[in-house]
Amino acid sequence: MERLMLRKIALGLYGLLLALATPAFAVDESLLVGDMARLEVSAPYPPAITAYLRDDGSVGDLSDYAGKVVVLNFWATWCAPCRAEMPSLQALQDELQPEGLEVVTMAFGRHNPTAMRRFWDETGVTTLPLHLDPRSEMARALGVQGLPHTFVLGRDGRVLAQFRGEADWAAPEAMAVFRSLLAE
């Protein structure tokens, strides 16, 4: 128990030191229009929990995406706003993956892989990963409070911003924000 508490304190201090030592990513305020006006930019911090399950049952880690700008989206099969925004996440991936962006989807809580694949088929998702946070540990550690909830991670894996709720990720203003971040 003491070891776990010390580890949590150490991770927290590490995150605080990184946040103090590194400025938040600079986003041109003029780009924060439309849905992107609700993008919450923060001082960079490392996620405390980065492990997840792939749909085949193997274990993955967010470090698998090192060097990429990551749009980490928490969703659920029962979430209507998640269903509405998923095609725009697919479009964001299709447009900006060649420039170094990865949309990483993380199913929140327990989900049946067959239901997850059916959700993908019904929403037209073709290339987004089917990852799972089965105990919602990563989501809780990041402070997810409702779905959908999306985080933007820099190429070094640190959280740079978050977005609570549904967005049109394929809108011109979203594309502009991510192109700006990819150019840094």
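The values are calculated or read from the model by the stated rules, or taken from the named source; none is laboratory data. For clarity, every value in this text was computed on a predicted model and none was experimentally measured. Note: ideal-geometry Cβ built from the backbone for every residue, glycine included; neighbour counts use all protein chains shown. The accessibility values were calculated without ligands, DNA or RNA, using every heavy atom of the protein model including side chains. Shrake-Rupley method; radii C 1.70, N 1.55, O 1.52, S 1.80 Å.
Tell me which residues, restricted to the range 68-86, are open to solvent by 60 Å² or more (accessible area, probe 1.4 Å) and free of Cβ contacts under 8 Å to residues at least 60 places away in the same chain.
Across the range 68-86, the qualifying residues are Trp78, Ala80, Arg83.
Six or more apart or on different chains, Cβ atoms under 8 Å: show the pairs whose first residue is in the range 155-184 and on the phi > 0 side of the Ramachandran plot and whose second is basic (Lys, Arg).
Hits for this filter: Gly165/Arg38.
Pairs, please: C-beta under 9 Å, at least 6 apart or cross-chain, first residue within 24 Å of Ala91 (Cα to Cα) and among the acidic types (Asp, Glu) and in the range 117-145, second assigned to a loop (DSSP other than H, G, I, E, B) and open to solvent by 30 Å² or more (accessible area, probe 1.4 Å)?
If the second residue must be assigned to a loop (DSSP other than H, G, I, E, B) and open to solvent by 30 Å² or more (accessible area, probe 1.4 Å), the pairs left are Asp133/Ile49.
Against the conditions (1) touching a strand residue (DSSP E or B) at 6+ places or on another chain (Cβ under 9 Å); (2) part of a helix (DSSP H, G or I); (3) surrounded by 18 or more Cβ atoms within 10 Å (Cβ to Cβ), where does Gln97 fall short? Just the number, please.
(3)
Please specify each residue of the range 102-140 satisfying the condition of being out of contact with any helix residue (DSSP H, G or I) (no Cβ under 9 Å at 6 or more places or on another chain) and of a type in the set (A, V, I, L, M).
Residues satisfying the conditions are Ala115, Met116, Ala139.
Restricting attention to the range 108-129, and to residues there that are of a type in the set (A, V, I, L, M, F, W, C) and closer than 18 Å to Leu153 by Cβ, which single residue is least open to solvent (accessible area, probe 1.4 Å)?
If we take residues in the range 108-129 being of a type in the set (A, V, I, L, M, F, W, C) and closer than 18 Å to Leu153 by Cβ, then Leu128 is least open to solvent (accessible area, probe 1.4 Å).
State yes or no: is Leu132 assigned to a strand (DSSP E or B), touching a strand residue (DSSP E or B) at 6+ places or on another chain (Cβ under 8 Å), open to solvent by less than 30 Å² (accessible area, probe 1.4 Å) and of a type outside the set (Ser, Thr, Tyr)?
The answer is yes for Leu132.
Could you grab me the full set of residues in the range 147-170 that are open to solvent by 10 Å² or more (accessible area, probe 1.4 Å) and either within 14 Å of Gln93 (Cα to Cα) or of a type in the set (S, T, N, Q) (or both)?
If the condition is that a residue be open to solvent by 10 Å² or more (accessible area, probe 1.4 Å) and either within 14 Å of Gln93 (Cα to Cα) or of a type in the set (S, T, N, Q) (or both), then Gln162, Asp168, Ala170 are the ones that fit.
Return the pair list, or none, for Cβ contacts closer than 9 Å from residues in the range 47-67 that are closer than 17 Å to Glu137 by Cα to residues that are modelled with pLDDT of 95 or more and loosely packed, with under 12 Cβ neighbours inside 10 Å, at least 6 apart or on different chains.
Thr50/Ser63; Ala51/Val59; Tyr52/Val59; Leu53/Val59
Would you be able to say whether some residue in the range 78-100 is modelled with pLDDT of 95 or more, at positive phi and not aromatic (Phe, Trp, Tyr)?
yes
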